[in-house]
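Reviewing the structure listed below.
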Amino acid sequence: MGVYSFDGDDLKLMFRGAVDLLEQSKGGIDALNVFPVPDGDTGTNMYHTLASAVKEAVATNSNHIGLVAEAAARGGLIGARGNSGVILSQVLQGFARSLRVKERATAVDIIEAFEDGASMAYQAVLSPVEGTILTVVRKTAEEAAAQRSNNLLRMMVAVFKKAFTALKETPNQLPALKEAGVVDAGGKGFVVILEGCLSALKSASPAAKAILQPVAGREAETGVKLGNTRAVETIGFCYCTEFLLTGNGLPLEKIKQELSTYGDSLMVVGSGDLTKIHIHSNHPGLVIEYCLKYGALNDLKITNMREQNKAMRSKGAQTDPDNIFSIISVGFGMGIIEIMKNLGADMVIAGGQTLNPSAGEILRAIEELKAEQVVILPNNKNVVMTAELAGSLSLKDTIVVPTKSIPQGLSALLTLNPGDDIAVATQKMNLSLSSVRTGEITRAVRDTNYAGMEITKDSIIGLADGDLKTSGKDLSGVMEYLLAAMLHGEGRLVTLYFGEGVSSEQAERLADQMMQKFSGHEFEVQNGGQPVYDFIISVE
């Protein structure tokens, strides 16, 4: 029997099937890591993101597919973890945008939803790379559009097969995947989601729908406020203009395209009913006049940044309480967390390797702080997008300094000066990132071949700025090779943060050995207490 339309209950059922299968599969997806390091978390991130989306969807007391899709999108935003989770949340946003006014969805509606999901996923990434989850999502949307049948069950079978084929091709698109002998982890997660949806759809029955229960897991947050994420820049445009725009069916892409001609640092974030707009412009009146065509303005704020900057820099200027800012830092390991607090972090969110915080957790931290200006240090390349998403969901003035490692985060904190405002402070932080290099020593979780190196499971491996450099059986030998690759010139400060599996005596002994090998440099030893990594190394 053919299926020619979906309602909200069908969507809930498919979501539930997807999250159940993803929960079973997340360990295997986590293991699909180019590097054999024990911090693969793509499957876990996608699972927690989808679980948050499903909890919101199932809690919706309606079978209106548009309302269910919007609830899922809202939950996905709050629960988004890691780059893969943020991309998945944007796919859900695209579905919600297409289906929001539909009570039931036909094949034409689902095709549009897949296309919108793919479009928003690509928009979420500054420099999209093919051979990743983005490719799998795009190929899925293309296959949906190519279907001639109105039978939705047949369409879902076809798109699943296409997604699976696209996944198998990812190693041919990314040499690193091919060399490691794995497919893209995010793409695999998306295929599992489609498979779970399809399995649930095939087994759908009135009895199955009747016993549908909310998914277990963390409570998803509701009542999300929209805000802006701002990068630090020179003052080429004088007026920082921001406000909430309310209306019906706001054309976000059109507004974004039109406003881009009025200035820079543009952010248009929200839904068709409520959107937060932020822009730096020399003509705020033109921005306001344009947006009034689409709806009503609320919480309007226009700041003369040049005058503000002059006031802060003038001799003897007093600190304005409104310009006081707080700092959120992401870290793991009791020692590292304590160091971050001592250096000026107002709040440290536990997270990092194998434990990425969700956008909702970061958003909660932002809202708990009294300051209206907040700086976020993600300290992990897989948390930067999540931090930016959390900042966009807050009404507070939030700046993400894109620190991609613990040493970069600590280096940024070291630049803090009590007299600096948020613009000066974050400018210094950004400048500090290029002055520090990061080394990591851990254990391989599987056999692999990378860059001509034969790596065996449980061997010691060393990474410099995220690139696998060496492996071996001897910790001292791996550290020496790694430092030789990282140290150039004289007078570098090397800090060894030892992990929970290393004793202080062992760390001090290794530091003494390295000082003899690299006599032109200064060495420090700190108890980081971090899991996963025996040593995190900072070179400044």
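The values are calculated or read from the model by the stated rules, or taken from the named source; none is laboratory data. Just so it is clear, the model here is predicted, and its values are computed rather than measured. Positions of Cβ are generated from backbone atoms using ideal geometry, with glycine treated the same way; all protein chains shown enter the neighbour counts.
Results, tabulated for the structure shown:
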{"item": "Single condition Gln427 does not satisfy, out of (1) of a type outside the set (Phe, Trp, Tyr); (2) surrounded by 20 or more Cβ atoms within 10 Å (Cβ to Cβ); (3) in the same structural domain as Leu377 (by TED's automatic domain parsing)", "result": "(2)"}
{"item": "Hits in segment 249-298 - residues which are assigned to a strand (DSSP E or B) and acidic (Asp, Glu)", "result": "Asp264"}
{"item": "Sole residue being among the small types (Gly, Ala, Ser) and free of Cβ contacts under 8 Å to residues at least 60 places away in the same chain, chosen from Ala176, Ala200, Ala166", "result": "Ala166"}
{"item": "Every pair of residues 6+ apart whose Cβ atoms lie under 7 Å, when the first sits in segment 512-540 and is over 21 Å from Val37 (Cβ atoms) while the second is of a type in the set (S, T, N, Q) and buried (at least 18 other Cβ atoms within 10 Å of the Cβ)", "result": "Glu524/Thr495; Gln526/Thr495; Glu540/Ser411"}
{"item": "Any hit, segment 527-539, residues being on the phi < 0 side of the Ramachandran plot, among the hydrophobic types (A, V, I, L, M, F, W, C) and either exposed (fewer than 14 other Cβ atoms within 10 Å of the Cβ) or assigned to a loop (DSSP other than H, G, I, E, B) (or both)", "result": "no"}
{"item": "Helices (runs of 4 or more DSSP H) contained entirely in segment 1-80, each with at least 3 residues that are at negative phi and without any contact (Cβ under 8 Å) to a residue 40 or more places away in the chain", "result": "8-30, 65-79"}
{"item": "Unique residue being of a type in the set (Asp, Glu), within 9 Å of the chain's Cα centre (by Cα) and either crowded, with 24+ Cβ neighbours inside 10 Å or within 26 Å of Thr44 (Cα to Cα) (or both) when the list is Glu367, Glu361, Glu388", "result": "Glu388"}
{"item": "Checklist (1) at pLDDT 95 or above; (2) more than 26 Å from the chain's Cα centre (by Cα) applied to Thr438, failing item", "result": "(2)"}
{"item": "Out of Val445, Val478, sole residue that is touching a residue at least 60 places away in the same chain (Cβ under 8 Å), within 25 Å of Gly529 (Cβ to Cβ) and in the same structural domain as Leu493 (by TED's automatic domain parsing)", "result": "Val445"}
{"item": "One residue from Lys55, Lys12, Lys26 being basic (Lys, Arg) and within 19 Å of the chain's Cα centre (by Cα)", "result": "Lys26"}
{"item": "Verdict on Thr470 being in contact with a Gly (Cβ under 6 Å, 6 or more places away or on another chain) and within 20 Å of Pro175 (Cα to Cα)", "result": "yes"}
